[in-house]
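The block underneath contains the structure these notes are about, expressed in structure tokens.
The values are calculated or read from the model by the stated rules, or taken from the named source; none is laboratory data. Everything numeric here is computed off the predicted structure, so don't read it as measured data. FYI the Cβ positions are ideal-geometry reconstructions off the backbone, even for glycines, and counts take in every protein chain you see.
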Amino acid sequence: MHLDSIGDWQRTHYSVEVKPELEGQEVTLFGWVQEIRDLGGIRFVILQDREGTVQITLPKKKVSSEVLSKSNLIQKRFSVAVKGIVKKTEITPRGVEVIPKEIKILSTAAKLLPLDITGKTPAHIDARLNARALDLCRKESIAIFKVQHVAVQAIREFLFEKGFIEVHTPRIIASATEGGAALFPVKYFDKKAFLAQSPQLYKEELVMSFEKVFEIGPFFRAEESHTRRHLSEFVSIDIEQAFASAEDVMKLLENLMQHVCKVVNEKCEKELTTLKHEVEIPKLPFKRLTYNDVLKELEKEKIEIPWGEDIPTPAFRTIGKKHPYFYFIIDWPTHSKAFYIKPKDEKPEICEGFDLMWSWIELASGGTRIADKELLKKRLKEKGLNPESFKHHLQAFDYGMPPHAGWAIGLERLTMMLTGKKNIREVTLFPRDKFRLTP
């Protein structure tokens, strides 16, 4: 088939901008053929672009033979350009159609597609991920990532307004941020290196110069857990603030969450309707439950967890039923948190770490950091880590490390909350986990 050149054609409107008040005007549209219906004397083509769909109507006696012959060739998912006249109509949901004067076929598609992107024939998540480029053309997928885009924009604007500076830290590192086995080793010339699990140590060092920093970017964990909320490559939203405590950054975090929910509600009405999801705007301040409070609540439900143990997922699900929206868990046992979280001065077995929960899912984690070099070395040893491996980080503590605090939000988990999706792979463009390295 001969393909047309785009030539000097320029888009004048997206599909949703074609409205009845444009009656009689010429428009130029670009997109993909979502559906074709032929009713003998009239043919309907549903054209999809990133904003939605519009009906192209071809009455066979009223359009040119060239346009008719072009429309005979097109199939689902062909990429096309249409120049035509807008017409009011009673037969489409939006009360408008376009009568084409000219059609260009810009690219073709396979006759048998692996997925039905209209959603009439649902497909399993694995089949969808195997054909992810096509799956992302579904209106639900487009809605998810538009919500995510609006959320990230809202987060950036909020942090800029609060005086935070955006930074970009290395992804190839010489030693583990948090220790443990969840590291991806990489060959770095003649040395052994790792993919970064988080920007933690770098952002702490950066508060000595910039005071308030944030980063939004991908990080990597060799995650053995194959669940609906774990990934091996994920996007983290990190902040670190000098001259601040856990309480300061918790207030920042709850204000940010309220702001993001408001902005998504205001700007994503169409997308939330597509996803059949409502975003509740939370009231401030969020509940603060101590670790001990959580253990007591679980005890009432006949779930016993020895003090100091981590809280398993089934227990969190129970807590999530009692607290279905946002809440903090504070006052964790020190040994259960990372080496850089500050123990409380008056009770060192408890630390100044916190988790932000949404129902039963941990959305963010943070706390006051240790600013004392000797205490940090002690905590490293308690965690079975060699201070020598962290000598460059420890060196920074000789240069006037201020008291500081920070947190990290998982963007994909936040997107699950904002879109109502139950599987983290739904809200990740091209997910990576223990069993998936493609596409």
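Filtered by the rule that a residue be part of a loop (DSSP other than H, G, I, E, B) and of a type in the set (D, E), the stretch 335-381 gives D345, E346, E349, E352, D372. Within the stretch 270-301, the residues that satisfy the criterion of being within 30 Å of V16 (Cβ to Cβ), surrounded by fewer than 15 Cβ atoms within 10 Å (Cβ to Cβ) and among the acidic types (D, E) are E278, E280.
When E349, E309, E304 are screened for being exposed (fewer than 13 other Cβ atoms within 10 Å of the Cβ), closer than 30 Å to G384 by Cα and either among the basic types (K, R) or in contact with a strand residue (DSSP E or B) (Cβ under 7 Å, 6 or more places away or on another chain) (or both), only E349 passes. Being farther than 18 Å from M417 by Cβ and at pLDDT below 95 holds for only one residue in D331, D345, D310, D372, and it is D310. For the stretch 355-374, the candidate set comprises residues that are more than 22 Å from the chain's Cα centre (by Cα), of a type outside the set (S, T, N, Q) and surrounded by 22 or more Cβ atoms within 10 Å (Cβ to Cβ); within that set, the residue that is farthest from A244 (Cα to Cα) is I370. Residues of the stretch 97-125 that are acidic (D, E) and at pLDDT 95 or above: E97, E102. When residues in the stretch 2-44 are screened for being within 22 Å of E66 (Cβ to Cβ) and hydroxyl-bearing (S, T, Y), 3 of them pass.
Confirm whether F194 is in the same structural domain as S236 (by TED's automatic domain parsing) and either in contact with a His (Cβ under 8 Å, 6 or more places away or on another chain) or in a helix (DSSP H, G or I) (or both). So F194 fails the test.
Apart from one condition, T169 fits all of (1) over 28 Å from I117 (Cβ atoms); (2) in contact (Cβ under 8 Å) with a residue 60 or more places away in the chain; the exception is (2).
Please determine whether any residue of the stretch 382-403 is under 25 Å from the mean Cα position of the chain (by Cα) and assigned to a loop (DSSP other than H, G, I, E, B). There is no residue in the stretch 382-403 that is under 25 Å from the mean Cα position of the chain (by Cα) and assigned to a loop (DSSP other than H, G, I, E, B). Among the aliphatic types (A, V, I, L, M) and closer than 22 Å to D398 by Cα: is that true of L201 in this structure? For L201, the condition - among the aliphatic types (A, V, I, L, M) and closer than 22 Å to D398 by Cα - is met.
Identify, from the list I370, I409, the residue that is hydrophobic (A, V, I, L, M, F, W, C) and over 20 Å from P343 (Cα atoms). After ruling out the rest, the residue left standing is I409. At least 3 residues being in contact (Cβ under 8 Å) with a residue 40 or more places away in the chain and surrounded by 19 or more Cβ atoms within 10 Å (Cβ to Cβ) is the threshold, and among the strands (runs of 3 or more DSSP E) wholly inside the stretch 42-158 those reaching it are 52-59, 79-88, 96-107.
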